[in-house]
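First comes the structure, then the notes that go with it.
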2 protein chains.
Amino acid sequence: MVSAALKLVDEVGVQAFSLRMLADVLESGTATLYRHFASKDELMAYVVDRVLGEVHVTGQEDFATWQDAITAGAEAFYETLRRHLNVLPLLMAQVPVGPNGLANRERLIQLLLGHGFPVELAARAFTAIGHYVVGFAVQQHGPGSAGPESGPQLLDFYRHLDPATYPATTSAAEELTTVPLEEEFRFGLRLIIKGLESGRDV
Amino acid sequence: MVSAALKLVDEVGVQAFSLRMLADVLESGTATLYRHFASKDELMAYVVDRVLGEVHVTGQEDFATWQDAITAGAEAFYETLRRHLNVLPLLMAQVPVGPNGLANRERLIQLLLGHGFPVELAARAFTAIGHYVVGFAVQQHGPGSAGPESGPQLLDFYRHLDPATYPATTSAAEELTTVPLEEEFRFGLRLIIKGLESGRDV
DNA sequence: ACCTGAACACCGTTCAAGT
DNA sequence: ACCTGAACACCGTTCAAGT
């Protein structure tokens, strides 16, 4: 059911996915699907939560520091997203409130609380890291891949960007496109962690 | 044209907006619309860029520190988003590559370069702040407002969350819902800035 | 009582026919 | 040459009719 929907989204993307398609795969009619969910939006929420259920930190939470724990959690999340790139638009368009999403949040927040974080900072840290990972994954998947491709005219505009008009942007773009990759992910993550370290005693 | 589309999106939301609707307002047919853009997606990209064009920093960039400049820019962006909450789903689902989006990016990156930032850090700072502001605005607009409402079953699940199962999440939720508002925005922004301060010499 | 084919009211996009 | 009404191939959702 949800697995079949996720598989289809993985294969054809959010845009192309339709309930008729799902009904065909399951060899039933579209009307029958509505016995399992109230609307397509609800089904998509289940799909997102299914993906979030695949996020598993390898080491059994025996991390020396909260910095290590955050890093491991963020990387596990990132690896999961890379296996389901087509689900990214759904993750960006909703706050995941399914059981798996909640469980993940609970795990990290509790871990931070255990390391002496005040509760507001722990909660804020979770969303900050989540946004970072999703944002990074989107960037890798290429601009406009999160949802429909941007208009061809705008893409053209972007490609033929005049360095004289946007010197900083173009030079930064060159730097960023020649950057390794996994390296970059860790770098930004370290930035957030540094911020959290400072934030603890503000 | 684009203004009419933005006005409609502001009024009825992304979900309800349709080309027929826009054609009616403009007193023409849907086919006529395609003389101005190649697809609905392209039109939406123009709408997003129109919104980004409304972001204006009040002080004429005479900030003592880059921290002040970033804060002012983020707040200007945030204020603009609050005037166009229904556009948020579009901003989350695409990397804005329109002229106004590029101009904003250029302005901040150049400012950071002027304060001695290395080019990669400046570029990364821009996206980090952008994600933060959009993420914060989404949070204010309420969960699920970015796009369709989450399924009622999931919302119910969220509301009747068992504090015994999710102690950290529920206690954090209580803390977060009773938080002032503008205060919170500045707090998270300060966190990012702290991270950037540390990141400059890593 | 449960299931579902067929219809409903849309949608974005195209194109032949009009001017 | 430009414009556009009408059609095309869909879509999510509903419900009366079948079992």
Exercise. Based on what the data block shows, is A:A69 modelled with pLDDT under 95, surrounded by fewer than 15 Cβ atoms within 10 Å (Cβ to Cβ) and more than 14 Å from DNA strand C (Cβ to nearest atom)?
Worked result: no
For this session: Return the only residue of A:E61, A:E54 being modelled with pLDDT of 95 or more and either surrounded by fewer than 19 Cβ atoms within 10 Å (Cβ to Cβ) or within 13 Å of DNA strand C (Cβ to nearest atom) (or both).
Result: A:E54
Problem set entry | Complete set of residues in region A:156-189 that are more than 7 Å from chain B (Cβ to nearest Cβ), assigned to a helix (DSSP H, G or I) and at pLDDT 60 or above | A:P167, A:T170, A:A173, A:E174, A:E182, A:E183, A:E184, A:F185, A:R186, A:F187, A:L189
Exercise. If the Cβ limit is 7 Å and pairs must be 6+ apart or interchain, which residue in region A:13-26 that is within 14 Å of chain B (Cβ to nearest Cβ) pairs with which residue that is open to solvent by less than 70 Å² (accessible area, probe 1.4 Å) and more than 7 Å from DNA strand D (Cβ to nearest atom)?
Worked result: A:G13/A:N86; A:V14/A:N86; A:V14/A:P89; A:V14/A:L90; A:Q15/A:P148
Exercise. Is there a residue in region B:29-48 that is within 14 Å of chain A (Cβ to nearest Cβ), of a type outside the set (D, E) and away from DNA strand C (no atom under 15 Å from the Cβ)?
Worked result: yes
For this session: Give region B:2-28 a look and list any residue that's of a type in the set (K, R) and within 15 Å of DNA strand C (Cβ to nearest atom), or say none.
Result: B:R20
Problem set entry | Residue in region B:92-104 that is nearest to the other protein chains (Cβ to nearest Cβ), counting only those that are at pLDDT 90 or above and open to solvent by less than 40 Å² (accessible area, probe 1.4 Å) | B:L102
For this session: May I ask you to list pairs of residues, at least six apart or on different chains, whose Cβ atoms are under 9 Å apart, with the first in region A:35-56 being over 17 Å from A:M92 (Cα atoms) and hydrophobic (A, V, I, L, M, F, W, C) and the second being assigned to a loop (DSSP other than H, G, I, E, B) and within 16 Å of DNA strand D (Cβ to nearest atom)?
Result: A:F37/A:M1; A:F37/B:G151; A:A38/B:G151
Problem set entry | From B:P152, B:P118, residue being over 22 Å from B:L8 (Cα atoms) and at pLDDT below 85 | B:P152
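The values are calculated or read from the model by the stated rules, or taken from the named source; none is laboratory data. This one's a predicted model, so the numbers in the text were calculated from it and none came from an experiment. Reconstructed Cβ throughout: ideal geometry from the backbone, glycine too, with neighbour counts over all protein chains shown. Quick note on the areas: whole protein, heavy atoms, side chains included, nothing else; ligands and nucleic acids left out. Shrake-Rupley method; radii C 1.70, N 1.55, O 1.52, S 1.80 Å.
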